[in-house]
Amino acid sequence: MSISVKEVSDISDQEARRSSPDYLDQLEAEAIYIMREVAGQFERPALLFSGGKDSITLVRLAQKAFAPGKIPFPLVHVDTGHNFIEAINYRDELAEQIGAKLVVRYVEDTIKAKGLKEQTGKNASRNWLQTFTLLDTIEEFEFDACIGGARRDEEKARAKERIFSFRDEFGQWDPKRQRPELWNLFNGRIHKGENVRVFPISNWTELDVWAYLKRENITLPSIYFAHERELILRDGKLLNNTPVIEPDEHDQIVKRQVRFRTVGDMTCTAAVESSAATLDEVIAEITVSRISERGETRIDDQQTEAAMEDRKKGGYF
Amino acid sequence: MDLLRFITAGSVDDGKSTLIGRLLYDTKNILADQMEAIERASKSRNVGEIDLALLTDGLRSEREQGITIDVAYKYFQTPNRKFISIDAPGHIQYTRNMVTGASNADLAIILVDARHGVVEQTRRHSLIASMLGIPHVIVAINKMDLVGNSEDAFLEIAKAYQELASKLNIKDLTLIPVSALNGDNIVDRSVNMPWYTGETLLSVLETVNVLKDQNQEDGRFSVQYVIRPQTEELHDYRGYAGRVQSGTFKKGDLVKVLPSGTESKIAKIEFGGNEIEEASVLESVTILLEDDVDISRGDTIVSINNSPIVSQDIEALVCWMDDKKTLKAGNKYVLQHGTARSRCSIRDIEYQIDINSYEKLDEVESLKLNDVARIVLRTAQPIAYDPYQQNRANGAAILIDETSNVTVGACMIE
Ligand SMILES: Nc1nc2c(ncn2[C@@H]2O[C@H](COP(=O)(O)OP(=O)(O)O)[C@@H](O)[C@H]2O)c(=O)[nH]1
Ligand SMILES: [Mg+2]
């Protein structure tokens, strides 16, 4: 796999801006503004990086925000140990290429250190356990702000969250007591031990992200494009066939031409059948798709109506 | 294609959430699985037909109580425009969340229940829309199906609203009779109200001119961050990162740095590390100056012959948002204006504005949650501001409680 995360100065911004629709410029300007507010208001921010398309977008925005300087905060990845190898490789190469500091912390280590119990059984996932590792990492480095790639169009609880989302010292989100967020005046004042999660692409839709990646000419991990893969067919969803997912007697092992629409934890991210091999083709497919990103590919949200809200209250991203 | 941000306001149960659901539904912006999810939720709540409001009421307590507590953002698009819709809560106690949603809106849709006409929340939300300087207001007189789609009913409410609006500062007002439930005059023209010949709601949303609303005149740039790579090849590089709040800046422009008053010239403007010719409203760029001046976060770079007011004494309209503590003369807060923060102390509450009559109430001792008033305050450092009604970006400020760190007030500087 080779990635060409272009030096920011390679692309002619003026040209890109002239030929693209205005709303992308507006969204980009807003996100850059938010990135700079983080750098201006906090002492120890971090950018939560997963190797997925949303966090790849964040990295590009951060590069643009601080060019020609380097991104003034580290990239932090909470590795569940269940990530796609393609995303992990991409992460490492990207960090090296742009000269960013990369911090990786492992859910596996948290499980051992804390003697946590992992979920077992059919849809076992470490998604929930990530929260512990994340909170420990925040404590370890005393991060006061964590930039994340969540979008409000993803999910109904996220649709309610502020751009600067205040979290108490336990990382908890209290949806009933969110700070008013007026104009572009973000209030990042906190006490020691508390932190703020910041979502610069809150107002972007999935399609906006794809359009931006294309406009910026960013190469993505290969799993985002159609390829042949061995999968587990479970309840109509296609999961990666990996040792971390245990097939049961109802599951079928199949070979299909697929791509991934999100690249979260393998245990809760499903593939979609597709022949889209380029960004243009992916965008065309998504434009006509009648199913949302999370509906199609995430297994973790479908367990209860308020699954995401509950995870956030517990300190999740 | 450009972007329009709009908010739906109005009293509880006037149909705000249903209206947004209807807009999304009729513009084919609800995806199959989201539709299934709300169908499922509607069934489990026994509401009969599908309840489009469930699309925006995303929190558990909202669904349980059937009300909107906090703003929800929904995104959709038509062939003509992209939209960010902001569904606001109608309850008085959640007014501060409504203000949060309204502060960035280009347009407000204020819903009125055709059976009840103009009520207290109509007045409150209209006042807020006017104070916040939202350039376009649509009054959607909803539930027309429940008043027999009567033209007289519409005209009567329209007249009452126009009278109310005459006391406010609403630049562009449109009144439309609608039924959010049935979709009349939302996206499709109503067959039940042939007497209405004006535009549909969507048609107004698609065509209002938002570019005109921006202040293109007064060059204001508030510095967020100083970029100093300090590498060998960029040894002397000092770039001021920020967003153009109003006006435009070009290479060679003479500028002044406030509050210090130092003058200089723009050597270069960059975006993403590349030089660009000029930067206009809302663009996030980096400005380099010819002289080595002392500039840091919180300073404002302005066009040389067009200065804002620089002062420590400020008068402002305030929406008070703290549900625990009141605002009183003598209280101290942190004022955040642009990227500048300064301690400030409240000198006086000049008057409070009565939400119903819009009359000024004198001799008010303190403000409680959701009160609106004009206050006088003094800051520890000078602030470079423009009056809010001339320049939304450079006339807005927030008050932060020094001990809890919570945002407690929205200020529109006069
Ligand atoms: N008959 C009728 N009912 C409506 C209309 N619009 C909304 N409703 C109903 O009014 C109630 C409140 O609507 P909702 O959208 O939750 O109001 P909100 O509190 O303003 O968000 C719901 O039962 C809706 O179905 C309309 O145009 N006609
Ligand atoms: Mg509602």
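Read-outs throughout are calculated quantities, based only on the coordinates presented, and are distinct from any laboratory measurement. All of these numbers come straight from a predicted model, not from anything done at the bench. Quick reminder, even Gly has a Cβ in these numbers, built from the backbone with ideal geometry, and neighbours come from all protein chains shown.
Determine the gain in length on full extension of the stretch B:MET1-B:ASP323; use 0.36 nm per residue of separation and subtract their C-alpha separation, reporting nm with one decimal.
Working: separation 322, 0.36 × 322 = 115.92 nm, distance 4.09 nm.
Between B:MET1 and B:ASP323, full extension yields 111.8 nm more.
Can you give the log10 of the normalised intensity I(q)/I(0) at q = 0.11, 0.12 Å⁻¹, computed with Debye over equal Cα scatterers of the protein assembly as shown?
Cα-only, vacuum Debye calculation for the protein assembly as shown: -1.26, -1.48.
What are the residues whose amide H is under 5 Å from the amide H of B:ASP371, where those residues sit 5 or more places off or on another chain and H is modelled from the backbone?
Residues meeting the amide H criterion: B:TRP320.
List, in order, the whole-Hz ³J(HN,Hα) value for each residue of region B:16-26 obtained from phi through the Karplus relation with A = 6.51, B = -1.76, C = 1.60 and θ = phi - 60°; use x for Gly and Pro.
Calculated HN-Hα couplings, in order: 4, 5, 4, 4, 5, x, 5, 4, 5, 5, 6 Hz.
Starting from the Cα-Cα distance between B:LYS28 and B:THR207, subtract it from 0.36 nm times their residue separation and give me the gain in nm to one decimal.
Gain on stretching B:LYS28 to B:THR207: 62.5 nm.
Please state the relative contact order of chain B as a whole percent: Cα pairs under 8 Å, 6+ residues apart? Each step should come with its number before you reach the end.
Details: 944 pairs, mean separation 48.6, N = 414.
Value for chain B: 12 percent.
For region B:326-341, in order, what is each residue's ³J(HN,Hα) by Karplus, 6.51 cos²θ - 1.76 cosθ + 1.60 with θ = phi - 60°, in whole Hz (x at glycine and Pro)?
Using θ = phi - 60°, the values come out as 8, 9, 9, 4, x, 5, 10, 9, 9, 9, 10, 10, x, 9, 8, 10 Hz.
Under 5 Å between amide hydrogens, which residues at least 5 positions from B:PHE76 or on another chain qualify, with H placed 1.01 Å from N in the peptide plane?
B:PHE83, B:SER85
Quick one: give the max-minus-min coordinate of the C-alpha atoms of region B:98-221 along each principal axis, largest first, in Å.
53, 29, 23
Suppose we take every Cα in region B:324-414 and form the convex hull; what volume per residue is that in Å³?
On the way: hull volume 8.8 nm³, N = 91.
So the per-residue Cα hull volume is 97 Å³.
Percent of Cα-Cα pairs per 10 Å bin, from 0 to the last occupied bin, for region A:64-223, please list those.
8, 30, 41, 19, 2
Determine the sum of side-chain charges near B:SER303: Lys and Arg each +1, Asp and Glu each -1, restricted to other residues whose C-beta is under 14 angstrom from that of B:SER303.
With Lys, Arg at +1 and Asp, Glu at -1, the neighbours total -1.
Give, in whole angstrom and from largest to smallest, the semi-axes √(5λ) of the equivalent ellipsoid of chain B, with λ running over the eigenvalues of the Cα gyration tensor. Mind showing how you got there, number by number?
Values: eigenvalues 334, 137, 80 Å².
In descending order, the three semi-axes are 41, 26, 20 Å.
Expressed as a rounded percentage, what relative contact order does region B:275-414 have, with Cα pairs under 8 Å and six or more residues apart?
Details: 289 pairs, mean separation 40.6, N = 140.
Across region B:275-414, relative contact order equals 29 percent.
Report, in listed order, any pair from B:LYS16/B:LYS325; A:LYS70/B:LYS250; B:LYS16/B:LYS250; A:LYS112/A:LYS156; A:LYS64/A:LYS114; B:LYS16/B:LYS167 with a Cα-Cα distance greater than 32 Å.
Numbers: B:LYS16/B:LYS325 30 Å; A:LYS70/B:LYS250 25 Å; B:LYS16/B:LYS250 43 Å; A:LYS112/A:LYS156 34 Å; A:LYS64/A:LYS114 39 Å; B:LYS16/B:LYS167 25 Å.
Pairs exceeding 32 Å: B:LYS16/B:LYS250; A:LYS112/A:LYS156; A:LYS64/A:LYS114.
Check B:VAL408: other-chain or 5+ apart residues with amide H under 5 Å from its amide H, H built from backbone geometry?
The list, which skips near neighbours in sequence, is B:LEU399, B:ILE400, B:ASP401.
If you find the alpha carbon centre of region A:23-44 and of region A:51-112, how far apart are they in angstrom?
Result: 18 Å between the Cα centres.
Which residue, B:MET193, B:ASN405, B:VAL226, has the largest displacement toward the positive end of the dipole of chain B when charges sit on each Cβ (Lys, Arg +1; Asp, Glu -1)?
B:ASN405
What does the charge add up to near A:PRO72, with Lys and Arg as +1, Asp and Glu as -1, over the other residues with Cβ less than 12 Å from its Cβ? Intermediate results must be reported in sequence, preceding the final value.
Working: positive: A:ARG36, A:ARG44, A:LYS70, A:LYS101, B:ARG228; negative: A:GLU43.
Once positives and negatives cancel, what remains is +4.
Per-residue HN-Hα couplings for region B:116-126, Karplus 6.51 cos²θ - 1.76 cosθ + 1.60 at θ = phi - 60°, whole Hz, x for Gly and Pro?
10, x, 5, 10, 3, 5, 4, 5, 5, 5, 5
Return the Rg/Rh value of region B:87-157, two decimal places, where both radii are evaluated on C-alpha atoms and Rh is the Kirkwood radius. Can you show the working numbers first?
On the way: Rg = 12.8 Å, Rh = 12.8 Å.
When Rh is taken as the Kirkwood radius, the ratio is 1.00.
Using a cut-off of 14 Å between beta-carbons, work out the net charge of the residues near B:SER203 (Lys and Arg +1, Asp and Glu -1, B:SER203 not included). Walk me through the numbers before you get to the answer.
On the way: positive: B:ARG81, B:ARG189; negative: B:ASP26, B:ASP184, B:ASP188, B:GLU199, B:GLU206.
Net of charged neighbours comes to -3.
Count neighbours as other Cβ atoms within 10 Å of each site's Cβ, and list the chymotrypsin sites (Phe, Trp or Tyr not before Pro) in region B:332-365 that are DSSP loop with at most 12 such neighbours. Each step should come with its number before you reach the end.
Values: sites: B:TYR333, B:TYR351, B:TYR358; in loops: B:TYR358.
Loop-located and lightly packed - none at all.
For B:ILE92 and A:GLN257, FRET efficiency with R0 = 60 Å and r from the beta-carbon atoms, rounded to 0.05?
Values: r = 56 Å, r/R0 = 0.93.
Calculated transfer efficiency: 0.60.
Between B:GLU151 and B:LYS250, what is the label-point separation in nm under the 7 Å Cα-to-beta-carbon projection?
Taking the simple label geometry, B:LYS250 and B:GLU151 are separated by 5.4 nm.
For region A:192-246, divide the Cα radius of gyration by the Kirkwood radius and give the resulting Rg/Rh value with two decimals.
Details: Rg = 17.4 Å, Rh = 15.2 Å.
Using only Cα positions, Rg/Rh for region A:192-246 is 1.14.
Quick one: if you stick a label point 7 Å off each Cα along the C-beta vector at B:VAL310 and B:LYS332, how many nm between them?
2.5 nm
If you stretched the chain out fully between B:LEU234 and B:LYS268, how much longer would it get, using 0.36 nm times the residue separation minus the C-alpha to C-alpha distance? Mind dumping the intermediate values first?
On the way: separation 34, 0.36 × 34 = 12.24 nm, distance 1.46 nm.
Gain on extension, B:LEU234 to B:LYS268, equals 10.8 nm.
Would you please report the Å³ per residue occupied by the convex hull of the alpha carbon atoms in region A:61-135?
Values: hull volume 8.2 nm³, N = 75.
Taking the convex hull of the Cα positions in region A:61-135, it is 109 Å³ per residue.
So, in nm, how far is label A:ASP92 from label A:SER275 when the simple model puts each one 7 Å beyond its Cα toward the Cβ?
Result: 3.6 nm between the two label points.
Exactly which GluC sites (Glu not before Pro) in region A:202-267 are in a DSSP loop and have at most 13 other Cβ atoms within 10 Å?
On the way: sites: A:GLU206, A:GLU216, A:GLU228, A:GLU230, A:GLU249; in loops: A:GLU216, A:GLU249.
Within region A:202-267, the qualifying GluC sites (Glu not before Pro) (loop, at most 13 other Cβ atoms within 10 Å) are A:GLU249.
Which whole number in µm²/s is D for region B:248-331 by Stokes-Einstein, with the Kirkwood Rh taken over Cα pairs at 25 °C and 0.890 mPa s? Please list the in-between numbers first.
Values: Rh = 15.4 Å.
Value of D from the Cα-based Kirkwood radius: 159 µm²/s.
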